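Report on one structure; see the data block that follows.
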Amino acid sequence: MAFGDYPKEYNPSVHGPYDPARYYGKPDTPFGQVKLNEIGSWLARRNKTPSAFMGACSRAWWSWQHKYMQPKRVGIAPFFQLLVGSMTFFYVINYGKMKHHRNYKYH
Amino acid sequence: MLSRVALRSVAARQSASTALVARGSASGARDEQNFPRPVRGEPGKVRLGFVPEEWFQFFHAKTGVTGPYTLGVGLATYLCSKEIFVMEHEYYSGLSLILMVYIAAKKLGPNIAAWLDKEVDNIETSWNEGRTNTIKGLEQAIKDEKTAQWRAEGQELLMEAKKENVLLQLEAAYRERLMQVYTEVKRRLDYQLEKTNVERRMAQKNMVDWIVLNVTKAITPDQEKQTLDRCIADLSALAAKH
């Protein structure tokens, strides 16, 4: 599997047009339905290669796009999500500098 | 010519490679049940402007309606009180910015949304315009074709009428000629009759003339005298009777 190829599991004659937001492999239990004591084995089953991680990011990106950005009449929600996301991101990367502004004496 | 051949070979190579990628391992029937064709849906629902509705639904079964809010507020309280979330000067400018964004979204949002929806509709209409125009044109063509067929049927009627008219004209000419033949024959017969009559009259007249001439030539003076005497005797006999 080189760059720009479809996933190995994708078969056009069975799956039809390619949906970039969809995982074409064998589906596991969704994360929201995993019990706490199963989380370890669930994480152990995950594919942790860089290409699989990139694929997961790409699917997340496209499902967000399809759900919030690409419909015909979108509201302002995706822009607020971008705003909140970027605020959080920059807060996290600047957290080391922000720490110096703490006012506490006793915690 | 050569350039066209070169282009064709390039096109063939491209299509072959893309077909290979798209086909993959081509086997099995299309599974419409589990892999339906993706459709463009409505935008996802959010609460508080950006939090997905699914987040609240996930909590709803376990914690009830207030669960996610409680989690959020509790987490915020914890982060603030332990000063993990540091409120430095940027935090307060952020608060004022959020206030301004909120007011702007509430004040200008509906108008901008209406305008954008109108633009979306305009773009969609413009993209569909060619197709709708083509459909309209084709429908018009079908209507025109039907009118033309109707007119052609009218032409057939007209041709029938013309044929009938020609037949009537032929009939009239035929009758006219019959009449002509009749009058000609009658004229000739009348001529023959008149001729015969004239000949007979002339012959009779000549015969009468000839007979009268011969009779008057045959009467002698003696006979004339005898007749006169006989007449006078008859007259005197008649006079004696009355």
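In the range B:39-52, the residues that are within 15 Å of residue A:74 (Cα to Cα) reach residues that are part of a loop (DSSP other than H, G, I, E, B) and β-branched (Val, Ile, Thr) with C-beta atoms within less than 8 angstrom, at least six apart or across chains, in these pairs: B:43/A:74; B:49/A:76. Across the range B:31-70, the number of residues qualifying as more than 10 Å from chain A (Cβ to nearest Cβ), farther than 30 Å from residue A:16 by Cβ and not hydrophobic (A, V, I, L, M, F, W, C) comes to 9.
For the range B:105-133, a tally of residues being more than 14 Å from chain A (Cβ to nearest Cβ) and open to solvent by 80 Å² or more (accessible area, probe 1.4 Å) returns 3. Contact map, the range B:107-134: residues that are among the small types (Gly, Ala, Ser) paired with residues that are surrounded by 10 or more Cβ atoms within 10 Å (Cβ to Cβ) and not in a helix (DSSP H, G or I), Cβ distance under 7 Å, separation 6+ or inter-chain. Pairs shown: B:109/A:76.
Can you name the helices (runs of 4 or more DSSP H) wholly within the range A:2-96 that have at least 2 residues being facing another protein chain (nearest Cβ under 8 Å) and open to solvent by less than 90 Å² (accessible area, probe 1.4 Å)?
On the way: elements: A:12-15, A:39-45, A:50-64, A:77-93.
In the range A:2-96, the matching helices (runs of 4 or more DSSP H) lie at A:12-15, A:77-93.
Going through B:119, B:145 one at a time, which residue ends up being farther than 27 Å from residue A:76 by Cβ, of a type in the set (Asp, Glu) and part of a helix (DSSP H, G or I)? Walk me through it before giving the result.
On the way: B:119 fails: farther than 27 Å from residue A:76 by Cβ.
Only one candidate passes the filter, namely B:145.
The values are calculated or read from the model by the stated rules, or taken from the named source; none is laboratory data. In this text the structure is predicted, and so the values were computed from the model without any measurement. Here Cβ is always computed from backbone atoms with ideal geometry, including for glycine, and neighbour counts include all displayed protein chains. For accessibility, only protein heavy atoms count, side chains too; no ligands or nucleic acids. Shrake-Rupley method; radii C 1.70, N 1.55, O 1.52, S 1.80 Å.
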